[in-house]
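The values are calculated or read from the model by the stated rules, or taken from the named source; none is laboratory data. Remember, predicted model here, so these are calculated numbers, not experimental data. Here the Cβ positions follow ideal geometry from the backbone for every residue, glycine too, while neighbour counts run over all protein chains shown.
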Amino acid sequence: MYSSERLKGIDVFVTVADLGSFTAAAEQLGLTSSAVSKGVARLEKRIGTRLFRRTTRQLSLTEAGTTFYRTCTAVLADLEEVELAIVNESHEPHGRVRIDLPAAFGRQHVLPLIWDFVHRYPQLQPHISFSDRFIDPVHDGVDIVVRIGGTDAWPAALGHRYFGAQRLVFCASPAYLHTHGEPLSARDLENHHCIGYLDDAGLVSPWYFKGRQPGEMERRVVHSRIAVGDGQGEVSAILAGHGIGQLPTWVVQPHLEAGALVEVLPALATDGLPMNLVWLKSREGLPKVKVLLDYLAERLGPHGARRSGGMTPIA
């Protein structure tokens, strides 16, 4: 249960911060300067920290006050948006929505969907970031996250939807295969130049191989001559003829179709990491979040996965 005490004084605090003066805030709110000052003091006492630096000439936010101000203004904006939607009986999404995408997949497959959505709802203000690490939406204040990989135990604060798994294939350029020959087994890879993916910790990610049992996968660290911390950069190295790589087909499919790359060891192609749409449950009821979530879930679901290629969709 949420305590109603947590809401007391927030509007007063935000008004003082916006105007930089207790007197100006009092005039705008129709209160006395004393009432405004006491309201802020009670809020600071409840939180247990000072929100303002007070001098005879200046009133400014402390570091804690700045953090609290950002949260309060976001909460008040969301409340206003919900009220307007109810009053106007309109679910037209508008306002800022924070989205975080995996770099290569996001640019290639999710951004076009978002641009189409913004054409439909021009009042939406998407703020989009890119990262391949699993960010914490609660801590980072992100509404919607598309993530490759994840956890089996999602935090209670997050909603999530699995929309498919990557399909991983081995590939190389025709020029590389002409010079070095084609591997015929996984063991043959030991005698080839391999192009790996460099993760955020500076480690080369393992490759996935089919296990001995149906549906089983093995992860093996393969010695990489070159390691690149970006999917498109990895493709670039393979296209340049520097070796063999394992990549999802959503990255390499156009190059395979054009003949710039050749799939090798097709019997060892396998599913890779799961792909998930993740969101903050506390904000899923906002029109700007709900409608965009529904839109992405539909297009990143079974049919959308098939259209964009390179994913094993939900059965």
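From the list 263, 234, the lone residue that is assigned to a strand (DSSP E or B), over 30 Å from residue 290 (Cα atoms) and not hydroxyl-bearing (Ser, Thr, Tyr) is 263.
What do you reckon, is residue 169 in the same structural domain as residue 284 (by TED's automatic domain parsing) and in contact (Cβ under 8 Å) with a residue 12 or more places away in the chain?
Numbers: in the same structural domain as residue 284 (by TED's automatic domain parsing): yes; in contact (Cβ under 8 Å) with a residue 12 or more places away in the chain: yes.
Taking the combined requirement at face value, the residue satisfies it.
Pairs linking a residue in segment 173-200 that is in the same structural domain as residue 259 (by TED's automatic domain parsing) and of a type in the set (Ser, Thr, Tyr) to a residue that is crowded, with 21+ Cβ neighbours inside 10 Å and not in a loop (DSSP other than H, G, I, E, B), with Cβ atoms under 9 Å and 6 or more positions apart or on different chains, are 173/238; 176/238; 176/244; 197/231; 197/234; 197/245; 197/246; 197/247.
All of 173, 129 fail the test of being crowded, with 16+ Cβ neighbours inside 10 Å and on the phi < 0 side of the Ramachandran plot, apart from 173. Quick check on segment 116-128. Is at least one of its residues under 18 Å from residue 251 (Cα atoms) and in the same structural domain as residue 289 (by TED's automatic domain parsing)? No, the conditions are met nowhere in segment 116-128. Checked against the criterion of being of a type in the set (Val, Ile, Thr) and over 21 Å from residue 247 (Cα atoms), segment 153-172 has no qualifying residue.
Between 34, 21, the distinction of being of a type in the set (Gly, Ala, Ser) and either closer than 28 Å to residue 142 by Cβ or without any contact (Cβ under 8 Å) to a residue 24 or more places away in the chain (or both) belongs to 34 only. Only residues that are in contact (Cβ under 8 Å) with a residue 60 or more places away in the chain and not in a helix (DSSP H, G or I) were counted across segment 100-125, and they come to 2. Identify all residues within segment 126-142 that are modelled with pLDDT under 90 and not in a helix (DSSP H, G or I); write none if there are none. Listed by number, the residues that qualify are 131, 132, 133, 134, 135, 136, 141, 142.
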